[in-house]
1. Please enumerate, by chain and number, the lysines with C-alpha under 30 Å from the C-alpha of B:LYS203, excluding those fewer than 8 residues away in the same chain.
2. Please average, across the residues of A:52-63, the number of beta carbons from any other chain that are within 10 Å of each residue's own beta carbon, and give a whole number.
3. Expressed as a rounded percentage, what relative contact order does segment B:1-148 have, with Cα pairs under 8 Å and six or more residues apart?
4. I'd like the mean, over residues of A:162-172, of how many other protein chain beta carbons sit within 10 Å of each residue's own Cβ.
5. If packing is taken as the average number of other Cβ atoms within 10 Å across a peptide's residues, how do B:99-108, A:126-135, A:46-55 rank, most packed first?
6. Return the lysines within reach of A:LYS118: Cα separation strictly under 27 angstrom, same-chain partners fewer than 8 residues apart disregarded; answer none if there are no such residues.
7. Among B:THR37, B:THR64, B:PRO21, pick out the residue whose Cα is farthest towards the positive end of the charge dipole of segment B:16-76, where Lys and Arg carry +1 and Asp and Glu carry -1 on C-beta, about the Cα centre.
8. Counting partner chain Cβ atoms within 10 Å of every residue's Cβ in B:162-169, what's the average?
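Please treat every number below as a calculation from the coordinates, not as lab data. These figures come from a predicted structure and were not determined experimentally. Cβ placement follows ideal geometry from the backbone for every residue including glycine, while neighbour counts extend to all protein chains displayed.
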Amino acid sequence: MDLEELLERCRRGENLAWENLVRLYQGRIFGLCLHYVGNPDDARDVAQEVFVKVYRKLRSCPGAEHFLPWLLTICRNACLDHLRRRKARPQTTELETVRFVRGQERNPEEQALADSRKNLLYRALQRLTRMNREIVLLKEIQGLSLEEISTVLRIPLGTAKSRSHRARLELAEQLLNMPEAEGRLKTEG
Amino acid sequence: MRCEEFEQRLAGLTAGRLRDPEEDACLRHAATCAKCTRLLETARGDCRVEPPNGLLESVLEQTTGRACGDARELLCDFVDGTLPHGEDALLKGHLRVCPRCRALADSLEISHVLLAELAEADPGPGFTASVLEETNRLPQRPEQSVDALLAFVRSLFLRPRFALEAAYVGALLLFGLYGLIPGEPLQPKFFSAGPTVTEMHQKATRFTSAAVADLSNRSRSLEILASAWTKTTGETLRVYSATTFVELEGRYAGVCTWLAETWQNARFRAGREWNELTDGRPGS
């Protein structure tokens, strides 16, 4: 079933469709919350709060094409509200405590290298400035377009474009500057 | 053939201009002489001579400086594979000789591949069930328009520029209403057709004083008439004394001040009352 139909069924109040929608996006929402909030328990609470908000706004939610940016905007606002309420800075969780869902098929040796690189990357991400981290989160991790990012973050498209380049370079430099990165960042070929 | 003769014929040999016997003689000599063989290879471009260490760096230092800044600008597009062909070749050339930029490119490439794998995380068992439990408790209701309006107003307040914009609009309103001329009484500009508050207060005071003086004079005349009436008829007449009207003047003045203040808040209503008070006819 395509997303448009799933949303339509959710709007009609079909519980099964709603359950499917939650299953479809829970990984993404929890992942984004985790990046913002930094703590799995808090991220779980905020993710739940996000879905309750989505449920309340189902009738006014956009069509399939704009659903993901809309959903991620709600998620981002909920995370920022949570941090504001707690007056807290995001914490950094060790990646070992979190299971990321998607990944290519690799042999055990390659998988171990990829995991250690992901760990480095996750920690390097926490060292970025808030704006750069958000842009990397939305563009490189969640796969939004620059136009969608400019809408979510309420910044001009040109700013989103130039910041996106800068943020990626900053992340790559942070990775290089991490002492643990020695010898783990060579690409094949 | 001697080496000197070989060198004289070298240009013709590499260009293929020699006759066959001459060419054979040259090649036979080259086969026996290591120096002339190297000379021939160099002339044909077969022999690459390694440049001395640091030559590139010293040339760049004296000309444009290192190209790392320009290379950095192109690295993201290079990793994404969206760089035009010419620039792609130039950047590859730079990456071959610059280990720092090469390392940055590697780091970008790794992050490009692995970041996408950080998108989804497993919230653990029971997450879906707890969300459904939470949402099943809520009645699904159409979004209220009031809610939408409140959300809009809230979003306005959350904008960082809202305070600046509000201050700007407030300042414009103030200047528009009251103008900027120093020393002038604060009087809304679009009310300037009528009298000012001060003028109205002065008029009211003048009117009250005149009215009280008139009543006071009449009262004195009445007092004289009443005393004459008492003397002739023996009956006592009750008359308000002139001092009563002087006391009343104070009260009228208070009323006038109150009217002036009321007028400042609701000009037209106060104006109507003022017309009634001064001309004795109802306001239009």
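1. Hits, sequence-local ones excluded: B:LYS189.
2. Values: counts 5, 0, 2, 7, 6, 4, 4, 4, 4, 1, 0, 0.
Mean shielding by partner chains, rounded to a whole number: 3.
3. Details: 49 pairs, mean separation 19.2, N = 148.
Relative contact order here is 13 percent.
4. On the way: counts 0, 0, 1, 6, 1, 1, 9, 7, 0, 5, 14.
Per-residue shielding by partner chains comes out at 4.
5. Details: B:99-108: 19.6, A:126-135: 17.3, A:46-55: 21.8.
Peptide ranking by packing, descending: A:46-55, B:99-108, A:126-135.
6. The reachable lysines, counting only those whose Cα sits under 27 Å from A:LYS118, are A:LYS139, A:LYS161, A:LYS186, B:LYS92.
7. The residue sitting farthest along the positive end of the dipole is B:PRO21.
8. On the way: counts 0, 0, 0, 0, 0, 0, 0, 0.
The shielding value for this peptide is 0.
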